[in-house]
Ligand SMILES: Nc1ncnc2c1ncn2[C@@H]1O[C@H](COP(=O)(O)OP(=O)(O)OP(=O)(O)O)[C@@H](O)[C@H]1O
Ligand SMILES: [Mg+2]
């Protein structure tokens, strides 16, 4: 059974792309994984080391011009469907009400993968709504910052809106405190995330991702952190996070 997990927070720069790449790389060593880049910035595609000159992007796949299996690029740990600069126009190109089902149409028949991770842009757009409609779970990274925590609250409002219209079954798998440091401010941010988690029905992961300069260095080298420096604190944290994600999914699915 495939698990579709979207990584989202409308606040920019909180670690969505870093988390998507790291989870694709770690899960990809154990499972069949597809990463989808739904952001016109294409940072996920770039930092994963994908070929950005390819014309077969998520844009062509959503427009049914290219089949998913023909568009995916096979990287060493996982497959990737690269993003497109044209996604910046998504509000126009995918502006019809039915367009929010396009990604669902693409993924419906796909049974090649155990996990699909979707990186989202820091904005509300038809692409974000497409993501809600296909995802089983959301992982929402945040950092110790009022805007990032506000972004988590907005996420809750969006989910409720879709649930009311019975358009999504998505569940908040967990909130992730990124760039964490051992300070009073960070402890307070974690406590606030626990309060927000109660409202969203998905608590913060026990694992937080420590702040490290290695994260930026790994990107410059076009590698995941675990490939670049596996003994680094952030790399170790993401490994722990993977285990927690597997455990949470197992617990939820055993309850069903
Ligand atoms: N644990 C960390 N320690 C230090 N720097 C980090 C950490 N996580 C992410 N960063 C840095 O923070 C910046 C933003 O990270 P990232 O691009 O993953 O965020 P994002 O939420 O995807 O941003 P956007 O909203 O623009 O898509 C990057 O420069 C990244 O290298
Ligand atoms: Mg990003």
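Run a plain Debye calculation on the range 60-127 (Cα atoms as equal point scatterers, no solvent) and give log10 I(q)/I(0) at q = 0.17, 0.23, 0.27 Å⁻¹, rounded to two decimals, same order as the q list.
Cα-only, vacuum Debye calculation for the range 60-127: -0.69, -1.24, -1.54.
Largest first and in whole Å, what are the equivalent-ellipsoid semi-axes of the chain based on the Cα gyration tensor, each being the root of 5 times an eigenvalue? Present the calculation step by step, with values, prior to reporting the outcome.
Working: eigenvalues 135, 96, 59 Å².
That gives 26, 22, 17 Å for the three semi-axes.
Calculate, in nm to one decimal, what residue 76 and residue 191 gain on full extension: separation in residues at 0.36 nm each, minus their alpha carbon distance. Please report the intermediate quantities before stating the final value.
On the way: separation 115, 0.36 × 115 = 41.40 nm, distance 3.81 nm.
This chain segment gains 37.6 nm when fully extended.
Where does the range 148-256 land on the Kirkwood hydrodynamic radius, alpha-carbon pairs, in angstrom?
Values: mean 1/r = 0.0644 Å⁻¹.
Computed over Cα pairs of the range 148-256, the Kirkwood hydrodynamic radius comes out at 15.5 Å.
Label points 7 Å out from Cα along the Cβ direction at residue 222 and residue 163: separation in nm?
Here the answer is 4.2 nm between the modelled labels.
For residue 2 and residue 181 in one chain, what is 0.36 nm times their gap in residues minus the Cα-Cα distance, to one decimal in nm?
Taking residue 2 through residue 181 to full extension adds about 61.0 nm, to one decimal.
Can you compute the modelled spin-label distance between residue 63 and residue 239, with each label point 7 Å from Cα toward Cβ, in nm?
4.4
Describe numerically, in nm with one decimal, the distance between label points set 7 Å from Cα along Cα→Cβ at residue 199 and at residue 256.
The answer from the label model is 2.8 nm.
For every helix of n ≥ 4 consecutive DSSP H residues, a contribution of -39,500 (n - 2.57) applies; sum these over the chain, divide by its total residues, and give [θ] at 222 nm rounded to the nearest 500 deg cm²/dmol.
When only DSSP H runs of four or more count, the value is -13500 deg cm²/dmol.
Mean projection of the alpha-carbon convex hull of the range 13-112 over all orientations, in nm²?
Computed as one quarter of the Cα hull surface, the answer is 6.5 nm².
State the extension gain, in nm to one decimal, for the chain segment bounded by residue 145 and residue 31, taking 0.36 nm per residue of separation less the distance between their alpha-carbons. Provide the component values of the computation, followed by the final result.
Working: separation 114, 0.36 × 114 = 41.04 nm, distance 3.39 nm.
Length difference between fully extended and current span is 37.7 nm.
In whole angstrom, note down how far apart the Cα centers of the range 186-256 and the range 49-64 are.
Centre-to-centre (Cα) distance: 28 Å.
Laboratory data are not the source of any read-out in this text; all were calculated from the coordinates shown. All values reported here derive from a predicted model rather than from experimental measurement. Heads up, the Cβs are rebuilt from the backbone with ideal geometry, glycines too, and the neighbour counts pull from every protein chain shown.
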